[in-house]
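Heads up: the structure comes next, in structure tokens.
The values are calculated or read from the model by the stated rules, or taken from the named source; none is laboratory data. In this text, all values refer to a predicted model and were calculated from it rather than measured experimentally. Counting neighbours? That spans all protein chains shown, and the Cβs are built from the backbone with ideal geometry, glycine included. Just the protein is used for accessible areas: all its heavy atoms, side chains included, with ligands, DNA and RNA removed. Shrake-Rupley method; radii C 1.70, N 1.55, O 1.52, S 1.80 Å.
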Amino acid sequence: MLLLRRDRLLLVLALSALLGADIYFHLWPEIQVRLGRGCVCEDSAPLVENATVSSAHTAPATTRYPGSKLQDLFSHHLYLAMATKPLSEDQLLNTHETVRYQRKRVASFNRQRRSHHREKNGTTSLVDARFDFHSPWLKFHLGISKQSLYPRSSPVVEQLLERMSNLSIIGADYSPDEKALDGECDCSQIVKPSGTHLKLVVHFQDFGKAMLKPMRSVTRRHQKISSTLWTSSDTTQRSPPSILTADNVCFFSKCLYSCKTEYAVCGDPHMIEASLSAFLPSLNSAPRISVPNPWIRSYSFSGTEEWEVNPSFCDSVKRLPPYSNPHRLLAMMDLAIFDFLMGNMDRHHYEIFTRFGDEGFLLHLDNARGFGRHSQDEISILAPLSQCCLVKADTWQRLNLLALPQYRLSDVMRESLRADPLDIILTEPHLTALDRRLQKVLEVVQQCVQTYGEEAVLIKDTRRPLQRTPQRPPPRDDPLQRTPQRPPTQR
């Protein structure tokens, strides 16, 4: 009896020790995070209080990376992120539910492929998809949070790009929009147009998916895209390239606007360069909605949108949901700056995850029109910024940082591309255009600050209501009020 009691006591002590360790190492850090006491990176400094970046605020962090402007930039305290992970409620997907759902999808996918193979009397052997819990695409999906698609420090994106360029492709199919055409070039059958380019959905052996777009060979990278090439002939791929075998045979397929043999995709001479864009989580597991851009273009030479003729257009936008929420409106300013730097005039919509609502980030999808004309700066892309005269203070700080010689935007972009398959995509004129356009963004914001004051333009707290006297019309020679150039067709 004494021995039995002693065993029970030892068991209780052991369980108590395990419980104490779990509380100390797991529960207590979580409580600290929820109380706002989570630790930060040891070498990091707090964000500067003043919105305007000066030389006193741009000293790099203590740790230096000789010869690398890019690493110096990311070691700067304006770029250092908090060490704590996002809270579970800030994650897009639940790990256990997602894994269970994906296992079922893999089994269903394999059954359907075998059934279709038997119906077609296929003679070749099929390679089944297999679910891999450690696959980069699954890690990518599970890492999406309320703040971003992926943390800057995460290696998962590099792993995903490497996997997409090497893993075996076990199947390819048309995109859902092109399937709806059923072999006919009838755009009225499509609810949401999918552009002017042939697209294929490729399936990898680990059940990952990517959208493949063959590169058009009408233009070369060093050529400037003219305004007459919007509809069918410009180089639209700005994603990691991949090489496919085509047996030197040209092919064309069902597209919304370009269903003619003269727009065929051909080898050069027998290999085709293409872009691969990783899929986001399915709409079933992570619903998202498409939101029209208030500053959308008319996409015709005869019509105009209100923002093109009304310099006070932003005043009406700010009164309507979701832009009455400062977070969403300021995110639109970031998007406009992003598009202007790469010359993308085609931002007709953006998407958001419904789970995060107005407090989530904007998905910058469909950037294919970027980096088309390096010698032209389409200033009308900055209309949201010029008309609203609002920008997040931390965005303003980072823009000023990228204008300094030690962190010059073109230099860090060039360095970033050297270690990436994208190295061949952007030519030197496109890189130097980034510096020129950045200066124009800074000039627009500085003009707003002179008009309304720094506190009203550079917003630190995105939760506070925006209050300002009615906006004054811009001067007559304001370049933003000149007639913008518009593409003739919608993508």
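Given the criteria within 30 Å of HIS96 (Cα to Cα) and either open to solvent by 30 Å² or more (accessible area, probe 1.4 Å) or in contact (Cβ under 8 Å) with a residue 12 or more places away in the chain (or both), does SER290 qualify?
On the way: within 30 Å of HIS96 (Cα to Cα): yes; either open to solvent by 30 Å² or more (accessible area, probe 1.4 Å) or in contact (Cβ under 8 Å) with a residue 12 or more places away in the chain (or both): yes.
Yes: the conditions hold for SER290.
Could we say that SER188 is surrounded by fewer than 17 Cβ atoms within 10 Å (Cβ to Cβ), in a helix (DSSP H, G or I) and modelled with pLDDT under 85 here? Quick ask: steps written out before the conclusion?
On the way: surrounded by fewer than 17 Cβ atoms within 10 Å (Cβ to Cβ): yes; in a helix (DSSP H, G or I): yes; modelled with pLDDT under 85: yes.
Yes; evaluated as a whole, the condition is true for this residue.
One residue stands out in segment 161-179 among those that are of a type in the set (Gly, Ala, Ser) and open to solvent by less than 50 Å² (accessible area, probe 1.4 Å): the one that is modelled with the highest pLDDT, namely GLY171.
The rows are residues; the columns are (1) outside any helix (DSSP H, G or I); (2) closer than 15 Å to SER380 by Cβ; (3) within 16 Å of the chain's Cα centre (by Cα).
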{"residue": "SER290", "(1), (2), (3)": "yes, no, yes"}
{"residue": "PRO294", "(1), (2), (3)": "yes, yes, no"}
{"residue": "THR304", "(1), (2), (3)": "yes, yes, no"}
{"residue": "GLU308", "(1), (2), (3)": "no, yes, no"}
{"residue": "PRO311", "(1), (2), (3)": "yes, yes, no"}
{"residue": "ASP315", "(1), (2), (3)": "no, no, no"}
{"residue": "TYR323", "(1), (2), (3)": "yes, no, no"}
{"residue": "HIS327", "(1), (2), (3)": "no, no, no"}
{"residue": "ASP334", "(1), (2), (3)": "no, no, yes"}
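When ARG347 is tested against (1) of a type in the set (Lys, Arg); (2) open to solvent by 30 Å² or more (accessible area, probe 1.4 Å); (3) touching a residue at least 40 places away in the same chain (Cβ under 8 Å), exactly one condition is not met: (2). The set of residues in segment 263-287 that are assigned to a loop (DSSP other than H, G, I, E, B), open to solvent by 20 Å² or more (accessible area, probe 1.4 Å) and within 30 Å of LEU92 (Cα to Cα) comprises PHE279, LEU280, SER282, LEU283, ASN284, SER285, PRO287. Kindly indicate whether any position in segment 320-328 is modelled with pLDDT of 95 or more and among the aliphatic types (A, V, I, L, M). Checking segment 320-328: not a single residue is modelled with pLDDT of 95 or more and among the aliphatic types (A, V, I, L, M). Taking segment 378-440 and the helices (runs of 4 or more DSSP H) fully enclosed by it, the elements with 1 or more residues that are basic (Lys, Arg) are at 393-402, 409-418. Could you look through segment 113-155, keep only residues that are open to solvent by 60 Å² or more (accessible area, probe 1.4 Å) and within 30 Å of HIS327 (Cα to Cα), and pick out the one that is modelled with the highest pLDDT? Only one residue tops the list, namely LYS139.
Condition first: in contact with a strand residue (DSSP E or B) (Cβ under 7 Å, 6 or more places away or on another chain), modelled with pLDDT of 95 or more and buried (at least 17 other Cβ atoms within 10 Å of the Cβ). Can you find one or more residues in segment 375-385 that meet it? Among the residues of segment 375-385, at least one is in contact with a strand residue (DSSP E or B) (Cβ under 7 Å, 6 or more places away or on another chain), modelled with pLDDT of 95 or more and buried (at least 17 other Cβ atoms within 10 Å of the Cβ), which makes the answer yes.
For segment 352-373, what are the residues that are open to solvent by 20 Å² or more (accessible area, probe 1.4 Å), outside any loop (DSSP other than H, G, I, E, B) and at pLDDT 90 or above? None; the set is empty. Could we say that LEU390 is buried (at least 17 other Cβ atoms within 10 Å of the Cβ) and touching a His at 6+ places or on another chain (Cβ under 9 Å) here? Answer is no for this residue.
Please specify each residue of segment 103-134 satisfying the condition of being within 17 Å of PHE204 (Cβ to Cβ), in a loop (DSSP other than H, G, I, E, B) and not charged (D, E, K, R). Outline the logic, then answer.
So in segment 103-134, the residues within 17 Å of PHE204 (Cβ to Cβ) come out as 103, 105-110, 112-113, 126-134.
Narrowing the set further to residues that are in a loop (DSSP other than H, G, I, E, B) leaves 126-134.
Passing the criteria: LEU126, VAL127, ALA129, PHE131, PHE133, HIS134.
Take the conditions in a loop (DSSP other than H, G, I, E, B), surrounded by fewer than 16 Cβ atoms within 10 Å (Cβ to Cβ) and not hydrophobic (A, V, I, L, M, F, W, C) and apply them to ARG100. Does it pass? For ARG100, the condition - in a loop (DSSP other than H, G, I, E, B), surrounded by fewer than 16 Cβ atoms within 10 Å (Cβ to Cβ) and not hydrophobic (A, V, I, L, M, F, W, C) - is not met.
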